[in-house]
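Below is one structure; the comments refer to it alone.
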Amino acid sequence: MSAIKKKVGKKVIKNAVSKTTASRTTNQNSLSKKKKKIIFMGVESTAHTFGIGIVSSQGEILANVKDSYTSPDKGMIPDEIANHHKDVAEKILVKALQTAKCTWKDISFISYSAGPGLDPALWAGYHKVKEWSTRFKKKIVGVNHCCAHLSIGALTSNAKDPCYLYVSGVNTQIIVQINGKYRVMGETLDIGLGNMLDKFGRNVGLGFPAGPKVEQLAKTGNYIELPYTIKGMDISFSGPLTRSEQLFKKGEKVEDLCFSMQETCFAMCTEVVERAMAHTGKTELILVGGVGANKRFCEMLGIMCKERGATFYNVPLDLAGDQGAMIAWEGWLRKEEYGDVEIKPHWRADEV
Ligand code: ATP
Ligand code: FE2
């Protein structure tokens, strides 16, 4: 059980624990060598990905195995996704336990993504977790998927009191923590940035998910002006999306549209994040969520932070998108607060 796939530095763990969990979980003493290492499992199933992570109380990621639904010509079909999760669950479980070199006896509890997410996908994950919890007599902890993205960002950075930019499929939110509670400073008024790229990709034949392909194609593109839509501290992506689709039908090159969508939408997010940082006085930014894998986006946010003397962190690539390790870690942080909460398809980070 000692095989450690990835060891996160002790200093980093201290920061993460002191910042995100001050009153609700262990204090830094729990990280001392005297305390027994606790190992737990996290199950992710809110959308396209079924993943299982096995993590220790010291923040070591012992296994992080996943299988994601993809499609060459369709978007996310909820029932197909649920069937995907049911089909791969046992296989992923075996691989995760093997990778972590542990057995069910070593696992102290199972946390799972209770929401937000697609109902059929959430039920598929929840029923599997209930089955395993009954069979192996483990307590379950339902956690918020968005908070899990934030917590894994905190665990893997040195940030003490950051502003978070959470950009994934469904979500685009600028979040800060005030008195231990997450507060949304700004967010998308319509679709999430990832879903916007995926929708565009589907309509121009890039398949699902389109984000990584858009990033590749953008490398050879030229700029075309698109609507730049910020309303107060909120953002709207439907304007740039509709315009890009119209321009595609008129014969504009996909490469140019990919480049222009990235430049326009990433700049919109960067502007609002900068305003949030100026308003709150935060001097650290953590980029989390699947779109955080985009190098150009990191570059733009990095430049903005540098210019204002702030520090930019982006979550490591393998922890940017959906996976079980972040659910396991969030479960560890919230194990005293939450238990079996069934599913919560519309659960927001600021309701936690
Ligand atoms: P949420 O966290 O809001 O529930 P999700 O679970 O679908 O959404 P993630 O797995 O965090 O989201 O992110 C998936 C999204 O990230 C997809 O929309 C995908 O297209 C996008 N994405 C992945 N890689 C890249 C990239 N390199 N550039 C841009 N977008 C990307
Ligand atoms: Fe996600």
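The values are calculated or read from the model by the stated rules, or taken from the named source; none is laboratory data. Nothing here was measured: the structure is a model prediction, and the numbers come from that model. Cβ atoms come from the backbone with ideal geometry, glycine included; neighbour counts cover every protein chain shown.
Could you tell me whether L285 is away from ligand 2 (no atom under 16 Å from the Cβ), of a type outside the set (S, T, N, Q) and in contact (Cβ under 8 Å) with a residue 12 or more places away in the chain?
It is true that L285 is away from ligand 2 (no atom under 16 Å from the Cβ), of a type outside the set (S, T, N, Q) and in contact (Cβ under 8 Å) with a residue 12 or more places away in the chain.
Looking at this structure, is E336 surrounded by fewer than 23 Cβ atoms within 10 Å (Cβ to Cβ), among the charged types (D, E, K, R) and free of Cβ contacts under 8 Å to residues at least 60 places away in the same chain?
No; evaluated as a whole, the condition is false for this residue.
Could we say that N171 is at pLDDT below 95, buried (at least 22 other Cβ atoms within 10 Å of the Cβ) and not small (G, A, S) here?
Answer is yes for this residue.
Specify the residue that is farthest from G281 (Cα to Cα); the eligible residues are those in segment 311-333 that are of a type outside the set (D, E, K, R) and surrounded by fewer than 20 Cβ atoms within 10 Å (Cβ to Cβ).
Looking at the filtered set, the residue picked out is L317.
When only residues in segment 150-205 that are in a strand (DSSP E or B) and among the aromatic types (F, W, Y) count, which is nearest to ligand 1 (Cβ to nearest atom)?
Taking the candidates together, the pick is Y166.
Taking segment 98-122 on its own, how many of its residues are outside any helix (DSSP H, G or I), under 18 Å from I54 (Cα atoms) and not polar (S, T, N, Q)?
7
I'd like the full set of residues that are among the acidic types (D, E), at pLDDT below 95 and away from ligand 2 (no atom under 15 Å from the Cβ), limited to segment 311-351.
E336, E337, D350, E351
Mind telling me which of the residues V288, V341, V273 ends up being within 17 Å of the chain's Cα centre (by Cα), on the phi < 0 side of the Ramachandran plot and of a type in the set (V, I, T)?
Within the list V288, V341, V273, the selection yields V288.
Residues in segment 234-247: is at least one part of a helix (DSSP H, G or I), acidic (D, E) and modelled with pLDDT of 95 or more?
Looking through segment 234-247, at least one residue is part of a helix (DSSP H, G or I), acidic (D, E) and modelled with pLDDT of 95 or more.
Taking the options G221, G211, name whichever one is in contact (Cβ under 8 Å) with a residue 60 or more places away in the chain and either loosely packed, with under 15 Cβ neighbours inside 10 Å or under 27 Å from S68 (Cβ atoms) (or both).
Sole residue among the options that is in contact (Cβ under 8 Å) with a residue 60 or more places away in the chain and either loosely packed, with under 15 Cβ neighbours inside 10 Å or under 27 Å from S68 (Cβ atoms) (or both): G211.
More than 16 Å from ligand 2 (Cβ to nearest atom), more than 21 Å from the chain's Cα centre (by Cα) and of a type in the set (D, E): which single residue out of E215, E225 fits that description?
From the options E215, E225, the qualifying one is E225.
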